[in-house]
1. Out of all the residues in segment 139-181, which are open to solvent by less than 20 Å² (accessible area, probe 1.4 Å) and within 15 Å of ligand 2 (Cβ to nearest atom)?
2. Yes or no: segment 35-44 includes at least one residue that is under 30 Å from Arg249 (Cβ atoms) and in contact (Cβ under 8 Å) with a residue 12 or more places away in the chain.
3. Looking at segment 189-219 only, could you name the residues that are acidic (Asp, Glu) and either within 22 Å of the chain's Cα centre (by Cα) or open to solvent by 80 Å² or more (accessible area, probe 1.4 Å) (or both)?
4. Which one is least open to solvent (accessible area, probe 1.4 Å), of the residues in segment 1-38 that are of a type in the set (Asp, Glu) and assigned to a helix (DSSP H, G or I)?
5. May I ask you to say which residue of Gly251, Gly256, Gly242 is touching a Phe, Trp or Tyr at 6+ places or on another chain (Cβ under 7 Å) and either of a type in the set (D, E, K, R) or in a loop (DSSP other than H, G, I, E, B) (or both)?
6. In this structure, is Arg270 part of a helix (DSSP H, G or I), in contact with a strand residue (DSSP E or B) (Cβ under 7 Å, 6 or more places away or on another chain) and not assigned by TED's automatic domain parsing to the domain that holds Thr70?
7. For segment 53-93, name all the residues that are touching a Lys or Arg at 6+ places or on another chain (Cβ under 9 Å), aliphatic (A, V, I, L, M) and at pLDDT below 85.
8. Give segment 243-252 a look and list any residue that's touching a strand residue (DSSP E or B) at 6+ places or on another chain (Cβ under 7 Å) and open to solvent by 40 Å² or more (accessible area, probe 1.4 Å), or say none.
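The values are calculated or read from the model by the stated rules, or taken from the named source; none is laboratory data. All of these numbers come straight from a predicted model, not from anything done at the bench. In this analysis, Cβ positions are derived from the backbone assuming ideal geometry, glycine residues included, and neighbour counts consider all displayed protein chains. Remember, those area values only see protein heavy atoms, side chains included, never the ligands or the DNA or RNA. Shrake-Rupley method; radii C 1.70, N 1.55, O 1.52, S 1.80 Å.
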Amino acid sequence: MFTTKEELKRFFREKVKELHPDRGGDRENFLRFLDWYQKKLSTIPEQVEVTIVHNPIPSQNAIYKMEEFTIKELALALPKKIRLPVDERRCQICDGTGATVAQEKRICKTCSGSGVLRMENGLQELIELRCPNCQGRGYTLTELCPSCFGKGRIREEREILISIPPGLREGDTLFISGSPFGLKYNIYIEVIVKPHPFLRLTKDSLIYTLTLPFYELLLKETIPIETLEGVEEVPTERLRRGGPVIFPRRGPFLAGSDSLERGDLIVELRITFPERINDKAKDCLQRFLEILEGEETWRKEPYQS
Ligand SMILES: [Zn+2]
Ligand SMILES: [Zn+2]
């Protein structure tokens, strides 16, 4: 319902006017609304500024991540929730041991349970090494903790909200500074576009491939298509003229456009035919053609040029 904190705050400011007891609102009701608002506000993730970077420089102080975006998210530059890896913490399920609670611990055969190996270092000195078989625990694990997969530590994730920059496309990289989250590293996100059955995004346009059997193009008055703003009926008469049908400024928001300038939605027609038709259907088509020729009107239509 509310994607950003701003949206919720706007709704709150409007609603509070009518519910406030000073304006004759019910006090109980008003308090319930305040409570609901506080809870709701805390569930909406923080909105974070991102920038598009080209050719990011690999660095140790950076995390690289791939993220899938839908065509609609990119075209409309919608806010998007993503999960960021933040610092590691001790696994609470196994208390950092990496073991499941129920299992038996087996005494490590390599170090006999001491967790260390004593050996001579060649200078007739005795040194202690951490046992590599049990990582110094003194016991081995028969079953690993399912939460941390035996590592004892878990990488925490945090959900944040990013505002997608207009013009973001497949293969671009987003940069998010880690410092606002108290992270020691920055985050780079490579954009993957979720494949869509009939939509395609170019730099400036949204391409819609409309697949229609030839008879629907002739028999139906309109064909519904799903645009970014919902369903729209395209008259088949427009499609029959040939060439793409263009909806101006109904495509994606354009890169660097503060003016919210948009590209076009371009509907390209792909007509399908039955692979085989029987004699009866052929006769019908032949008859159909004779009727058309009898009327002679179709020759004057622009699609004949
Ligand atoms: Zn050991
Ligand atoms: Zn664990």
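1. Cys145, Cys148, Gly150, Gly152
2. Among the residues of segment 35-44, not one is under 30 Å from Arg249 (Cβ atoms) and in contact (Cβ under 8 Å) with a residue 12 or more places away in the chain, which makes the answer no.
3. Glu190, Asp204, listed by residue number.
4. Across segment 1-38, the extreme among qualifying residues is Glu7.
5. Gly242
6. In short, no.
7. If the condition is that a residue be touching a Lys or Arg at 6+ places or on another chain (Cβ under 9 Å), aliphatic (A, V, I, L, M) and at pLDDT below 85, then Leu84, Val86 are the ones that fit.
8. Pro244, Ile246, Arg249, Arg250, listed by residue number.
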